[in-house]
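J.: Take this structure first; my questions come after.
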């Protein structure tokens, strides 16, 4: 499954912004202990958010940019620390929260209940400052490990779905995205457009200028294409110099205009390379599936129609747009 | 000579005022040592300071918060008793217990623990006596803390 993401050129290597690991949530109804915790945490340069009951803590922890470390008092109004812990673990996605539960010295049986509810560690009142510091460090270490794990996981997921040369969606990913949009079209009757795009005479660039120049041309063309389409269109590298662009919610006229913009943005200016400027053009075959259609097309039919239109654009002289089913050429040579 | 009647007048009225406000009319003789001096110290300042890594500033701040907060918790205890709300007694006693244990106040901790147990067991039959004891312990502790704050200020 591919996660929704901006479909222009994606930033290889930095798929996620850094997480705030220096933020701590303190949920404690007692002013004395709240002050103790705030005092030390601030002294140790943590950013502290503090609340006085479990419900406020729960609301904060559900936010996407919530602190990843939470120090929760066991006994609190509205929702106690243990219940909060349970809720948190039940709803926790990829973002892990380190939970330090604070309990009283003579409620030892609480510790088992607390850890079973999902607390990572506990602290008994009255705690001293060194113990607090040590527990916080433990939490920080675990959060950093967790963070590294998530980064690697996300990098792998990114690589699995993207073309390393251009940063566009790769063939598998763009076909999966197309399939998803086709299903949406079949279910809701929403308009769907598809462009099959080919760089004209690309083989000649590779043959005469070398593959390094060919790569520069591919990368620059991909950049321009991604910048030319709307934010919610999907751009993928289909094969060598072939690209697929999935254009949801767009009628035939708008699709044609978009394809024409695409053609124009490659045709001029030429691509700057180490071997000098290289003039490139695009041939584009487009197909528009509009409601009401007697039978909604499936993925294969759409691909086949776009391919045929591309073939027609090539046959009619390249650097042009052809629409499947309608004999209409746009652009000049 | 002219001053004498005024002096006598004040003394005559003293027991009456005491009766009206419900306070103990019997004056404590000055010669006897105060009960406070005979008892164990209300808190261990050294233990608290150690807990706080020797941070005097934090100690003073916590004491000030405690002086402000503890009457509120006592009020909650009394309200819990008045309305027969054992859970409210348990909660307030729990908070008090946490604070006074943090201040290494043994007597007060024990008194708070007793109240918390009563609340947890939903048995408020002896709660008014336990609250009186708690008040006495807290008074001693508050005086000790205030004295300490005065000393530190000097």
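The values are calculated or read from the model by the stated rules, or taken from the named source; none is laboratory data. Since this is a predicted model, take the numbers as computed values, not measurements. Because the Cβ atoms are built from the backbone with ideal geometry, glycine has one as well, and the counts that use them run over all protein chains shown.
J.: Output the residues belonging to the stretch A:96-135 that are within 38 Å of the chain's Cα centre (by Cα), within 14 Å of chain B (Cβ to nearest Cβ) and in a helix (DSSP H, G or I).
T.: A:132, A:133, A:134
J.: Taking the stretch A:128-160 as the search range and keeping residues that are surrounded by fewer than 18 Cβ atoms within 10 Å (Cβ to Cβ) and in contact with a helix residue (DSSP H, G or I) (Cβ under 9 Å, 6 or more places away or on another chain), which one is nearest to residue A:26 (Cα to Cα)?
T.: A:133
J.: Next question. Among the residues that make up the stretch A:88-101, is at least one of them closer than 20 Å to residue A:29 by Cβ, surrounded by fewer than 19 Cβ atoms within 10 Å (Cβ to Cβ) and without any contact (Cβ under 8 Å) to a residue 60 or more places away in the chain?
T.: No, the stretch A:88-101 contains no residue that is closer than 20 Å to residue A:29 by Cβ, surrounded by fewer than 19 Cβ atoms within 10 Å (Cβ to Cβ) and without any contact (Cβ under 8 Å) to a residue 60 or more places away in the chain.
J.: Can you name the residue in the stretch B:68-91 that is in contact with a helix residue (DSSP H, G or I) (Cβ under 6 Å, 6 or more places away or on another chain) and more than 10 Å from chain A (Cβ to nearest Cβ) and is also farthest from residue B:125 (Cα to Cα) among such residues?
T.: This residue is B:76.
J.: To continue, here is another question. Can you run down the residue pairs with Cβ atoms below 7 Å, 6 or more apart or on separate chains, where the first is in the stretch A:25-45 and within 7 Å of chain B (Cβ to nearest Cβ) and the partner is part of a helix (DSSP H, G or I) and surrounded by fewer than 19 Cβ atoms within 10 Å (Cβ to Cβ)?
T.: A:31/B:65; A:31/B:69; A:32/B:65; A:32/B:69; A:35/B:61; A:35/B:65
J.: Further question: With respect to the numbered conditions (1) at pLDDT 95 or above; (2) surrounded by fewer than 21 Cβ atoms within 10 Å (Cβ to Cβ); (3) touching a strand residue (DSSP E or B) at 6+ places or on another chain (Cβ under 7 Å), which one is the sole condition not fulfilled by residue A:297?
T.: (1)
J.: Now, a different point. Every residue in the stretch B:103-115 that is buried (at least 24 other Cβ atoms within 10 Å of the Cβ) and either at the interface with chain A (Cβ under 9 Å from one of its Cβ atoms) or over 15 Å from the mean Cα position of the chain (by Cα) (or both), please.
T.: Matches in the stretch B:103-115: B:103 only.
J.: Give the residue that is surrounded by the fewest Cβ atoms within 10 Å (Cβ to Cβ), with candidates limited to residues of the stretch B:47-81 that are in contact (Cβ under 8 Å) with a residue 24 or more places away in the chain, over 15 Å from the mean Cα position of the chain (by Cα) and closer than 21 Å to residue B:143 by Cβ.
T.: Looking at residues that are in contact (Cβ under 8 Å) with a residue 24 or more places away in the chain, over 15 Å from the mean Cα position of the chain (by Cα) and closer than 21 Å to residue B:143 by Cβ, I get B:56.
J.: Taking the options A:36, A:82, name whichever one is touching a helix residue (DSSP H, G or I) at 6+ places or on another chain (Cβ under 8 Å) and closer than 28 Å to residue B:57 by Cβ. Quick ask: steps written out before the conclusion?
T.: Working: A:82 fails: closer than 28 Å to residue B:57 by Cβ.
Just a single option satisfies the conditions, and that option is A:36.
J.: Let me confirm something: among A:235, A:205, A:271, which residue is touching a residue at least 60 places away in the same chain (Cβ under 8 Å) and either surrounded by fewer than 22 Cβ atoms within 10 Å (Cβ to Cβ) or under 27 Å from the mean Cα position of the chain (by Cα) (or both)? Can you show your working first?
T.: On the way: A:205 fails: either surrounded by fewer than 22 Cβ atoms within 10 Å (Cβ to Cβ) or under 27 Å from the mean Cα position of the chain (by Cα) (or both); A:271 fails: touching a residue at least 60 places away in the same chain (Cβ under 8 Å).
That would be A:235, the only listed residue that is touching a residue at least 60 places away in the same chain (Cβ under 8 Å) and either surrounded by fewer than 22 Cβ atoms within 10 Å (Cβ to Cβ) or under 27 Å from the mean Cα position of the chain (by Cα) (or both).
J.: Report yes if residue A:250 is assigned by TED's automatic domain parsing to the domain that holds residue A:198 and touching a strand residue (DSSP E or B) at 6+ places or on another chain (Cβ under 6 Å), otherwise no. Break it down into steps so the answer makes sense when it comes.
T.: Numbers: assigned by TED's automatic domain parsing to the domain that holds residue A:198: yes; touching a strand residue (DSSP E or B) at 6+ places or on another chain (Cβ under 6 Å): yes.
Judged against the criteria, residue A:250 is a match.
J.: Still on this model: Please go through (1) more than 14 Å from chain B (Cβ to nearest Cβ); (2) under 30 Å from residue B:110 (Cα atoms); (3) crowded, with 20+ Cβ neighbours inside 10 Å for residue A:69 and return the number of the only condition it doesn't satisfy.
T.: (2) is the only condition that residue A:69 fails.
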